[in-house]
Structure formats: structure tokens, C-alpha cells
Amino acid sequence: MANDALDFSVEMHALTTAIEAWIGDCDPELHEALRWQFLAGSKYFRPMTIFSCRRAVHPGATIPPETIEAALLIELFHNVSLIVDDIVDHSDARRGRLTLHRKFGQLHAFMTSGYIVADGFRRTSGDPGLIELLAELLQRLAVAECMQWRLRRRPAGYEDWRIIAGEDTGTMFEVAACLGDRTQRLRKFGGLLGLLYHGCDDVADVRGTTALGGGGFDDLRDGILTLPAALAISDPAVALAFADPSANPGEDALPFLAEAFRARLPEAEARLDQIAEEARSEARLFADDPDPLLALIERTRVLSGA
Amino acid sequence: MSDTEDAAPEWPGGGLMWQAILAAAQQFVAGGRQGAAAGMPPGDATSDRLALLAGLLKSPGAAAGTADDNAGRLAVEFLGQASLIAMASGFRYWRRLMRLFDQHAALGGRLGLAGTQALSEEEQRLLAEEVRGLAREVGDAASQEGRRFALEMELLGLTLATPPDAPPDAPPNNSPRRRKRVKA
């Protein structure tokens with residue numbers, strides 16, 4: 001079931017062709033940077049979410065060109081968020097190669113991201129529903145990033161993590177789901193899938209895998225509330241070290257925190273199982289054919305590397 | 001409940017609800033007729049069906065034989081299905097609430113203890129987390145059930161708006177979503 005339900009090889013080919021054509025239409029000054037950013041092994045998880053949601057509400061129907069276009073747009077805006085994240089996190093590498101700002105410089109990276117946003121909205125051709133969803137995406141992502149930064153090193157818990165992750169990655173997948181089904185029926189499903197993706201990313205980072213391209217050390221250093229962190233800091237000693245790693249100069253707080261987070265991985269996996277079940281429930285209730293969505297949940301769930 | 005068929009419901013809220021439904025149906029039918037006068041095709045099937053339904057709602061006793069048989073069947077089907085959907089929805093929600101409170105049964109005891117003895121910082125934090133989790137789950141259950149109920153009622157309404165002899169892809173019934181059967 002899982003393999004067939006997520007067979008979007010034709011659509012993915014159409015998407016990569018559309019991305020190459022889009023780059024070709026952009027200003028030649030930015031061609032090299034755009035190729036560097038967009039043609040470097042993306043997993044296209046968000047486009048796959050769009051296609052799956054479309055198929056879930058239109059079983060058996062061909063994915064239409066406007067859905068391919070929506071997938072292109074979500075990929076554009078997703079890459080804007082990656083470019084900005086990489087600059088803010090001082091990341092050197094993404095997808096096994098230099099980040100855009102390391103390769104071309106900060107000015108080039110910032111200007112390229114602005115160019116992508118402008119061109120993304122231009123491509124909506126004034127479709128009010130599309131504009132509304134994409135504006136919602138950028139605005140909620142902006143708020144989520146600021147909230148996540150403001151709440152770093154705070155002794156928050158699992159419920160806070162759900163709010164932050166739900167507004168961050170959750171928003172991206174919520175909008176992807178809405179772009180796929182265009183009825184809002186799968187919005188909640190999308191949010192839960194994003195939450196699951198975010199949590200699996202957090203857990204994989206603590207496991208030391210690089211499957212999702214994230215950086216567990218950056219989050220640890222910056223005191224970002226990841227899923228294992230949210231669970232571990234119920235212990236006051238961990239909460240203290242998390243809030244101020246320099247409080248005990250004689251001890252190195254980061255290895256202590258990393259070990260405390262690792263100890264909570266079984267609990268984190270159990271929480272991820274719960275979130276996956278919530279997403280399954282949404283898929284079964286609100287999709288005409290839940291199979292593509294159930295397969296998508298399974299594909300996401302394994303990303304934690306358990 | 002009164003034992004006479006035509007008596008008003010004892011619950012005043014129910015009476016108000018029926019008045020509102022009647023008014024809305026009559027307004028809709030009147031709007032449809034104005035539309036017909038302004039150029040819409042006469043004898044529009046949807047308007048006719050709604051007119052029959054509105055008439056039956058006004059005089060429920062007429063459904064038992066004296067009114068048009070099709071209209072009576074329509075009214076009985078519609079009201080019956082709507083009632084079933086509403087009851088099933090309410091039942092599902094309450095069952096889910098029961099299950100949630102069962103799952104968090106130990107929380108009640110811990111909350112009681114928290115009122116009588118001092119808790120450590122870690123215990124306080126865990127307690128607060130669990131209360132927040134329960135509150136979120138209760139809210140999620142209501143939200144999900146509300147969306148499910150709305151979808152089922154919308155689909156039921158669409159069956160009313162679709163003439164029985166219309167081809168499956170005729171407007172306004174041309175989307176796969178609208179062809180989905182209502183699950184009571």
C-alpha cells in the first residue's frame with residue numbers, strides 16, 4: 001500500500017522540470033545561486049504532502065497542473081526559510097554541500113531569498129486563495145521563529161514544544177495540505193504531519209543521525225526547545241543546565257545535556273507514536289481515500305531513526 | 001414530551017430552533033421564487049423540494065399521508081438522517097471525553113494530593129504538563145468532532161440540493177467530495 005500510494009514519480013519529474021524552467025526564467029545574475037540552492041538533492045517532502053492530500057480528496061484523478069504549480073510555490077517558500085535559517089544558525093553545510101551564504105556570501109543569500117518571495121507571489125497570478133495561504137505561511141513562520149528564539153533556555157515542557165513546533169514546521173505542512181486539497185479539510189492533518197516531522201527531526205538529531213539535514217549541536221548550543229529537551233528538563237538539574245550552561249564552570253554542561261536528552265529518547269518516541277496516531281485519525285475521518293496520507297505518516301515516522 | 005403530535009416541544013430552545021429553521025427555509029424558498037421571476041428556469045427542482053420540505057415543517061401532521069408522498073419521504077429521510085448524525089456526533093464526543101478522563105484518571109488523585117501536600121518542583125512541572133495535555137486533548141476532541149459533524153451535515157445538505165434524477169457529475173454535485181456518502 002505504502003509504495004503505491006506515494007508513487008508520484010510522474011509528478012516529481014514535472015516538478016523538477018518546472019523548477020528548472022523557473023530558474024531559467026529568473027534573472028541570469030541569480031542563476032548560479034538558484035541552481036545551487038534548488039538542484040541539490042531536496043527530498044521534496046512538502047510537494048509530496050501536497051500531492052498526497054490532492055490524491056486523498058480526489059482518488060483516482062490525475063494530479064492537475066495547478067497542483068504541480070502549488071508544489072513549486074511551496075518549494076520556493078520552503079527554500080527561503082532554509083536560506084534564512086542557515087544564515088541565522090551560521091550553518092556551513094546543507095544537503096552535503098556549502099550553504100548558500102557560505103558559497104555566495106550573505107548579501108547574495110539575503111537578496112536571493114527576497115527575489116524568490118517576490119517571484120513566488122508573482123506566480124500566483126492573483127489567485128486570492130493561493131496568496132492568502134502563502135502569506136499565512138510566511139507570517140506564521142516569522143512569528144514561530146521569533147517565538148522559538150524568545151523561548152530558548154526556558155524551562156518549558158512538551159505542551160510548549162507542541163505549540164512552537166506546530167507553528168514552525170506545522171505551519172509549512174498545514175499550508176501544504178491546504179494547497180493540495182483546497183478545502184481546508186486536511187489542514188489539521190497537515191499540522192500534525194508537520195509536528196511529527198519536526199519531532200522526528202529533533203529525535204534524529206539527538207541520535208546523531210543526519211538523515212534530515214538538521215544540526216543537533218546548534219540546537220543544544222542555542223538552548224532551543226527540541227522534543228527530547230522538552231521532556232528532559234522536567235528534571236530540575238537538567239532544567240538548570242539548560243537555562244544557563246555556564247552556571248557550573250567546573251562542569252561541561254553540553255555533554256551532560258546531550259546525555260540527558262538521549263536518556264529521554266524512548267519517551268520521545270512514544271510521544272511521536274501518539275502524534276502519528278492523531279494524524280492517522282484525521283486522515284481516516286476527513287480523506288475520501290486515506291491511503292496516501294497513511295503512507296505519508298509512515299514515511300515520516302521512520303525519520304526519527306528508531 | 002407531550003403525547004399530542006402537534007403540541008410545541010417542551011424545551012423552549014427546541015421551539016426557537018424550529019422557528020428559525022422554518023423562517024430560513026421559507027426565506028430560501030421565497031428567494032428562489034424571486035430568482036425564478038428574474039430569469040431562473042421555472043420549476044427548479046431544488047426550490048420545489050425545499051418548498052415541500054418547508055410546508056411539511058410548518059404542518060408536521062401533513063406528512064402522514066395527506067401531503068405529497070415524495071415530499072413526506074424526503075422530509076422523513078432528511079430529518080431522520082440529521083437527527084441520527086447529531087445524536088451519533090454527540091455520543092461519539094461524550095464517549096471520547098469519557099475515554100480521555102479514563103486515561104488521565106490518576107491525574108485526579110494527584111491534583112487532590114497537590115491541594116494537601118507540598119510538591120517538589122519536578123512534580124509540580126509534571127502535574128502542570130499533564131493538566132495542559134488533558135486540556136489540549138479535550139479541546140482537540142471537540143474541534144475534531146465539530147469538524148466531522150459539520151462535514152456530515154454539509155454532505156447531507158448537498159443530498160437535499162441535488163435532484164434525485166440528476167447525473168452524478170451534474171452541478172452542484174460535480175466534485176468527488178460531494179459524492180461522498182454520509183456516514184451516520
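The values are calculated or read from the model by the stated rules, or taken from the named source; none is laboratory data. Note that the structure is predicted; figures quoted are calculated from it, not measured. Glycine gets a Cβ as well: all are built from the backbone with ideal geometry, and neighbour counts include every protein chain shown. All accessible areas refer to the heavy atoms of the entire protein, side chains included, with ligands and DNA or RNA removed. Shrake-Rupley method; radii C 1.70, N 1.55, O 1.52, S 1.80 Å.
Assorted remarks:
- The magnitude of the dipole of the stretch A:35-141, with charges of +1 and -1 set on the Cβ of Lys/Arg and Asp/Glu and taken from the Cα centre, is near 420 debye.
- Net charge over other residues, Cβ less than 9 angstrom from the Cβ of residue A:243 (K, R count +1; D, E count -1): +1
- Note on residue B:116/residue B:150: beta-carbon distance plugged into 1/(1 + (r/R0)^6) with R0 of 56 Å gives a FRET efficiency of 0.80.
- Full-stretch length increase - residue A:152, residue A:281 - with 0.36 nm per residue and alpha-carbon distance subtracted: 43.2 nm
- Ranked by solvent-accessible area (1.4 Å probe, protein heavy atoms only, all chains present), the residues A:197, A:115 order from largest to smallest as A:115, A:197.
- For chain A, the relative contact order comes to 23 percent (Cα pairs under 8 Å, sequence separation of at least 6).
- The simple spin-label model puts a point 7 Å past each Cα toward its Cβ; for residue B:124 and residue B:92 those points are separated by 4.1 nm.
- Solvent-accessible surface ranking, highest first, for A:52, A:81, A:125, B:143 at 1.4 angstrom: A:125, B:143, A:81, A:52
- Counted by Cβ distance under 12 Å from residue A:169, the other residues give a net charge of -4, where Lys and Arg count +1 and Asp and Glu count -1.
- Full extension of the chain between residue A:183 and residue A:39 yields a length gain of 48.7 nm, computed as 0.36 nm times the residue separation minus the alpha carbon distance.
- Among the trypsin sites (Lys or Arg not before Pro) in the stretch A:39-79, those placed in a DSSP loop whose Cβ has at most 15 other Cβ atoms within 10 Å are A:43.
- The heavy atoms of residue A:301 offer some 30 square angstrom of accessible surface to a 1.4 angstrom probe.
- Counting charges near residue A:100 (Lys, Arg +1; Asp, Glu -1) among other residues having Cβ under 14 Å from its Cβ returns a value of +1.
- With q set to 0.07, 0.13 Å⁻¹, the log10 of I(q)/I(0) for chain A, from the Debye formula over equal scatterers at the Cα positions, is -0.27, -0.94.
- Solvent exposure ordering (accessible area, 1.4 Å, most first) of A:149, A:36, B:94, A:161: B:94, A:149, A:36, A:161
- Nearest-10 value in Å² for the accessible area of residue A:89, using the 1.4 Å probe: 50 Å²
- When accessible surface is computed with a 1.4 Å probe, chains B and A are found to bury approximately 1900 Å² between them, both chains counted.
- Once backbone amide H atoms are built at 1.01 Å from N, residue A:93 has A:99 as its partners under 5 Å, excluding neighbours fewer than 5 places away on the same chain.
- For the stretch A:52-136, the Cα gyration tensor yields ellipsoid semi-axes of 30, 16, 10 Å (square root of five times each eigenvalue, largest first, whole Å).
- Using alpha-carbon coordinates, inclination of helix A:169-181 to the longest axis of chain A, degrees: 20 degrees
- The figure for residue B:93 is an accessible area of roughly 60 square angstrom, using a 1.4 Å probe on the protein chains alone.
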